[in-house]
């Protein structure tokens, strides 16, 4: 099932992992997240089904998705073997592995653990996944949930045997999570909790707020959660994909983890891919894989691409000329930051300004409504963007003022991510802005 946000902005409903079939990002919908790729695997020897042919490179075997389609405990144990109950020198091992968070911030996992003010009272697996274009966490929970639970248990066994263990999941993944916990003999101590709804629900302070009985919105927190989190005690919050990788490192060590990927971006990552007529896909790719290679594996050739939104709605648009650049945890001068692991392709006949304006309106509607930069600033930014790109153009100074003053002023990073997205749209689609001002539009059917 797919439903539209009242404002006509992409909003996913029904089966978690669906991409809303709503203008302007209406590309695919109705796929089962239990099928890892949310669509058939594109043959490695085939050519692209959309656009010019591109060689499809070899890839590593799946790691976190090794139990594709078989999420049961017995298959998990046969595939991965027993989990060590205690991992001495865990911080050093994770530092040597180079594992970073896979929820978007790419913060080093070892550093977060090392910052604990004491034994964690709670360890939380975060699968709120409020980003409308993301379905990697849902696919992971549908296919390899036991690795996520392994990650929770190895952290508890090593750091705090009495810690409260919580699996915080989007309600649409609740059944998969509960089944996985019930399926394993040591799952009794893990509590599954339905996440709050909304784009910002997965922000770490919003997770703790929800688990504390609040609305599930970001809170201004002068102390790090590793110092004062749930009930004022040290708390660890990790994205579920991060925990799955951690569980594999606990078994196989840092050298194994680094045997794929690049020295600066080791291991693999899950990527949600959609757009340009593609079925929604989730791919597990090696660190440092070029953006164009990821698209080729989904059956998309370069000539079908106008631009690519990388990192989701808090990410940035990337020009087609950069398809050869590698996807890495953090953006560099020569690489593209993967962010939340989301890739959405804008087709050559689609209007980037129309799509960006709709996303900005959505982001303005998704604030926690509790601080000025979100409550007043984001709607003002969205309105000024629409005026400058498709209207009178009189609000150019206002738009620039919003872009300059909103970052760093909210209780969370929602204004920062929104500004980053808007800035990228103005840069990548500068020619389209000029065309709009002259009464033309790339997409013949796009609404102005």
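When you check residue 222 against the structure, is it crowded, with 24+ Cβ neighbours inside 10 Å, more than 25 Å from residue 156 (Cβ to Cβ), at pLDDT below 95 and in the same structural domain as residue 87 (by TED's automatic domain parsing), yes or no?
Judged against the criteria, residue 222 is not a match.
So residue 370 passes all but one of these: (1) assigned to a loop (DSSP other than H, G, I, E, B); (2) within 26 Å of the chain's Cα centre (by Cα); (3) more than 24 Å from residue 216 (Cβ to Cβ). Which condition number does it fail?
Evaluating residue 370 over (1) assigned to a loop (DSSP other than H, G, I, E, B); (2) within 26 Å of the chain's Cα centre (by Cα); (3) more than 24 Å from residue 216 (Cβ to Cβ) leaves (3) as the failure.
Restricting attention to region 409-432, and to residues there that are surrounded by fewer than 18 Cβ atoms within 10 Å (Cβ to Cβ) and over 17 Å from the mean Cα position of the chain (by Cα), which single residue is farthest from residue 224 (Cα to Cα)?
Across region 409-432, the extreme among qualifying residues is 431.
Could you count how many residues in region 284-320 are under 16 Å from residue 336 (Cα atoms) and part of a strand (DSSP E or B)? So that I can check it myself, show each step before the final result.
Within region 284-320, the subset under 16 Å from residue 336 (Cα atoms) is 285-295, 307-320.
From the residues that got through so far, the ones that are part of a strand (DSSP E or B) too are 285-286, 290, 307-310, 316-319.
Selection size over region 284-320: 11.
Taking region 327-360 as the region of interest, how many residues are under 20 Å from the mean Cα position of the chain (by Cα) and either assigned by TED's automatic domain parsing to the domain that holds residue 106 or surrounded by 20 or more Cβ atoms within 10 Å (Cβ to Cβ) (or both)?
Going through region 327-360, the residues under 20 Å from the mean Cα position of the chain (by Cα) turn out to be 327-332, 335-346, 355-356, 358-360.
Pick out the ones that are also either assigned by TED's automatic domain parsing to the domain that holds residue 106 or surrounded by 20 or more Cβ atoms within 10 Å (Cβ to Cβ) (or both) and you get 327-329, 335-336, 338-346, 355-356, 358-360.
The total comes to 19.
Given the condition without any contact (Cβ under 8 Å) to a residue 12 or more places away in the chain and outside any strand (DSSP E or B), answer yes or no: does some residue in region 239-246 qualify?
No, region 239-246 has no match at all.
Of the numbered conditions (1) surrounded by 19 or more Cβ atoms within 10 Å (Cβ to Cβ); (2) at pLDDT 95 or above; (3) in contact with a helix residue (DSSP H, G or I) (Cβ under 6 Å, 6 or more places away or on another chain), residue 319 satisfies every one except a single condition; which is it?
Evaluating residue 319 over (1) surrounded by 19 or more Cβ atoms within 10 Å (Cβ to Cβ); (2) at pLDDT 95 or above; (3) in contact with a helix residue (DSSP H, G or I) (Cβ under 6 Å, 6 or more places away or on another chain) leaves (1) as the failure.
From 162, 219, which residue is outside any strand (DSSP E or B) and within 22 Å of the chain's Cα centre (by Cα)?
Numbers: 162 fails: within 22 Å of the chain's Cα centre (by Cα).
Every option except 219 fails the conditions.
Do you know which of the residues in region 169-192 that are free of Cβ contacts under 8 Å to residues at least 24 places away in the same chain and in contact with a strand residue (DSSP E or B) (Cβ under 6 Å, 6 or more places away or on another chain) is surrounded by the fewest Cβ atoms within 10 Å (Cβ to Cβ)?
Among those that are free of Cβ contacts under 8 Å to residues at least 24 places away in the same chain and in contact with a strand residue (DSSP E or B) (Cβ under 6 Å, 6 or more places away or on another chain), it is 178.
Would you be able to say whether some residue in region 85-92 is in contact (Cβ under 8 Å) with a residue 60 or more places away in the chain, touching a helix residue (DSSP H, G or I) at 6+ places or on another chain (Cβ under 8 Å), surrounded by fewer than 16 Cβ atoms within 10 Å (Cβ to Cβ) and at positive phi?
No, that holds for no residue.
Looking only at residues that are surrounded by fewer than 22 Cβ atoms within 10 Å (Cβ to Cβ) and in contact with a helix residue (DSSP H, G or I) (Cβ under 8 Å, 6 or more places away or on another chain) in region 151-161, which one is nearest to residue 233 (Cα to Cα)?
159
Could you check how many residues of region 69-92 are assigned to a loop (DSSP other than H, G, I, E, B) and farther than 12 Å from residue 146 by Cα?
The total comes to 7.
The values are calculated or read from the model by the stated rules, or taken from the named source; none is laboratory data. Just so it is clear, the model here is predicted, and its values are computed rather than measured. Every residue, glycine among them, receives a Cβ derived from its backbone with ideal geometry; neighbour counts consider all protein chains shown.
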